[in-house]
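As structure tokens, the structure follows; a few thoughts come after it.
Just so it is clear, none of the values below were taken in a lab; they were calculated from the coordinates. What you see is a predicted model; the values in this text were computed from it and never measured. Heads up, the Cβs are rebuilt from the backbone with ideal geometry, glycines too, and the neighbour counts pull from every protein chain shown.
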Amino acid sequence: MSQTVTYSPAYTLVPTYECFNRCTYCNFRTNPGKSPWLTLVEAEEILKRLQNENEKICELLVLSGEVHPSSSRRGAWFGRIYDLCELALSLGFLPHTNVGPLSYEEMAQLKAVNVSMGLMLEQLTPQLLQTVHRQAPSKVPSRRLQQLEWAGKLKIPFTTGLLLGIGETQADWWETLEAIANLHARYNHIQEVILQPHSPGNQQSWDAPAFDPHQLPEVIAKARQILPASIAIQIPPNLVPDSQWLLACLEAGARDLGGIGPKDEVNPDYPHPHALDLREVLEPAGWQLVPRLPVYPQHDFWLTPRLQAATEGWRTEFGDGEMSST
């Protein structure tokens with residue numbers, strides 16, 4: 001009998017690449033004022049094209065660089081994110097937003113037009129504020145951890161994760177995972193934890209090697225011990241290019257491959273594999289790759305009636321193959 005691994009058929013909209021952070025490993029950002037903002041007209045053209053794709057795109061990931069909280073442009077930036085989610089929802093997609101730390105009020109507003117949201121914790125150690133995060137004010141660990149708590153209080157289904165190989169220690173991995181598990185125990189809101197290996201790209205300024213993906217199965221196995229069973233462990237298949245080690249990651253306890261679409265905006269040097277190619281690797285080894293929604297079934301009741309109706313349509317579309325994290 002085959003085991004199941006999930007993925008989300010997804011497309012990423014980027015409101016802007018500009019970001020006031022300067023993480024030295026980043027391959028995404030541009031300087032403030034150097035990235036034109038995506039207009040609603042442009043977004044609508046993209047989304048209407050996606051409606052005609054052969055493979056159904058379910059998740060619309062809104063992923064953005066950050067405008068400083070005290071900037072005079074913050075309101076317009078947040079408004080554009082909200083409007084993009086509203087547009088995506090109106091055209092039949094399920095929005096999931098990951099745009100850096102937000103205020104409690106901003107999160108509460110976005111809950112109305114998102115079935116789930118996300119923010120990478122990366123690592124909780126403050127030591128990175130002296131190195132790769134030295135010029136990244138929003139990477140203060142306590143602030144990012146607070147986002148997870150606010151998401152729990154607001155009953156927002158949430159994705160978070162660790163970035164591995166940016167100067168942290170193994171002990172830091174376990175501390176970060178324990179913090180996630182503790183918050184989930186209080187709010188039951190974390191759907192997935194991503195274990196993302198640092199993978200060098202052409203735009204970054206940090207001269208450091210890639211995290212060895214051969215270490216991932218060991219990290220996954222320990223993470224599976226720390227995290228409750230209701231949280232899925234996600235690995236990005238484009239960052240684990242060796243098919244045998246991808247299978248080893250699944251054997252160690254990973255059960256989700258994340259959003260798979262035309263481009264990995266965070267790691268643009270590493271193209272996503274196509275779902276058909278992944279099935280050719282997985283099925284002979286006894287794994288069934290099935291699509292999922294960006295909100296897991298156990299959290300449907302947290303959604304507004306409008307979002308529940310949109311979600312129900314997609315559950316019908318995917319049929320019995322779509323499943324939760326277990």
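Data table
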{"item": "Structure-based [θ]222 nm, the chain - -39500 (n - 2.57) summed over DSSP H runs of at least 4, per residue, nearest 500", "result": "-10500 deg cm²/dmol"}
{"item": "5 angstrom amide H check on residue 256, placed H, neighbours 5+ away", "result": "6, 233, 235"}
{"item": "For the chain, built as a Gaussian network whose Cα springs stay under 10 Å, the top-fluctuating residue of 216, 276, 162", "result": "276"}
{"item": "Hull volume in cubic angstrom per residue (convex hull over the Cα atoms of region 18-62)", "result": "106"}
{"item": "Amide H partners (placed H, <5 Å) of residue 194, local residues excluded", "result": "160, 161, 162, 234"}
{"item": "Region 3-321: relative contact order as a whole-number percent, Cα under 8 Å and 6+ apart", "result": "23"}
{"item": "Candidates 14, 281, 67: whichever shows maximal mean-square fluctuation once the chain is modelled as a Gaussian network with Cα springs under 10 Å", "result": "281"}
{"item": "Cα-Cα separations in region 1-151 greater than 28 Å, expressed as whole percent", "result": "24"}
{"item": "Rounded to whole Hz, the Karplus (6.51, -1.76, 1.60) HN-Hα couplings of region 273-287, x for glycine and proline", "result": "x, 6, 4, 5, 5, 5, 4, 5, 7, 7, 5, x, 8, x, 10"}
{"item": "Spin-label pair residue 308/residue 285, simplified geometry with 7 Å Cα→Cβ offset, distance in nm", "result": "3.9"}
{"item": "Nearest-0.05 FRET efficiency for residue 265 and residue 179, computed from C-beta distance (R0 30 Å)", "result": "0.70"}
{"item": "Enclosed volume per residue, in Å³, of the convex hull spanned by Cα atoms of the chain", "result": "124"}
{"item": "Rounded to whole Hz, the Karplus (6.51, -1.76, 1.60) HN-Hα couplings of region 301-307, x for glycine and proline", "result": "6, 6, 7, 5, x, 4, 5"}
{"item": "Table column - 3J(HN,Hα) (Hz), region 190-196, Karplus curve with 6.51, -1.76, 1.60, x for Gly and Pro", "result": "7, 8, 9, 10, 8, 10, 10"}
{"item": "The chain - Cys residues lacking any other Cys C-beta under 4.7 Å", "result": "19, 58, 85, 249"}
